Amino acid sequence: PLTVRKWKPGDTFQPLGMERYKKISDFFIDEKFSLLDKEDTWLLLSSNKIIWVIGYRISDPYKVTSLTKKVLYISYNG
């Protein structure tokens, strides 16, 4: 099942296009998030793995490729 929650210290994910995992807090710094942006950011998870920093970046293992058979389209109006 998919779940949505706020980020927690220590959360990590593999941003699209990267080979390594990155802490969400480091992602926020790199993307120059304000404190308000950080507090308002939600994560989409599958089996407790972050698959999308909602409105910003998906996790690389969940990208659409030529081998993808099914796609779930989720829209965010933030």
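The numbers here are math on the coordinates, done by the rules we state, and not lab data. None of the values given here were measured: they were computed from a predicted structure.
Numerical summary
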{"item": "Among (1) -0.50, -0.99, -1.04, -1.25; (2) -0.46, -0.87, -0.92, -1.21; (3) -0.39, -1.01, -1.10, -1.55, the entry derived from the coordinates for log10 I(q)/I(0) by the Debye sum over Cα atoms at q = 0.13, 0.21, 0.22, 0.27 Å⁻¹", "result": "(3)"}
{"item": "Most fluctuating residue given options 35, 45, 16, as computed from a GNM of the chain linking Cα atoms under 10 Å", "result": "35"}
{"item": "Cα centroid separation, the stretch 62-78 to the stretch 15-59 (Å)", "result": "17 Å"}
{"item": "Out-of-range pairs (alpha-carbon distance over 25 Å; input 49/70; 23/70; 22/63)", "result": "23/70"}
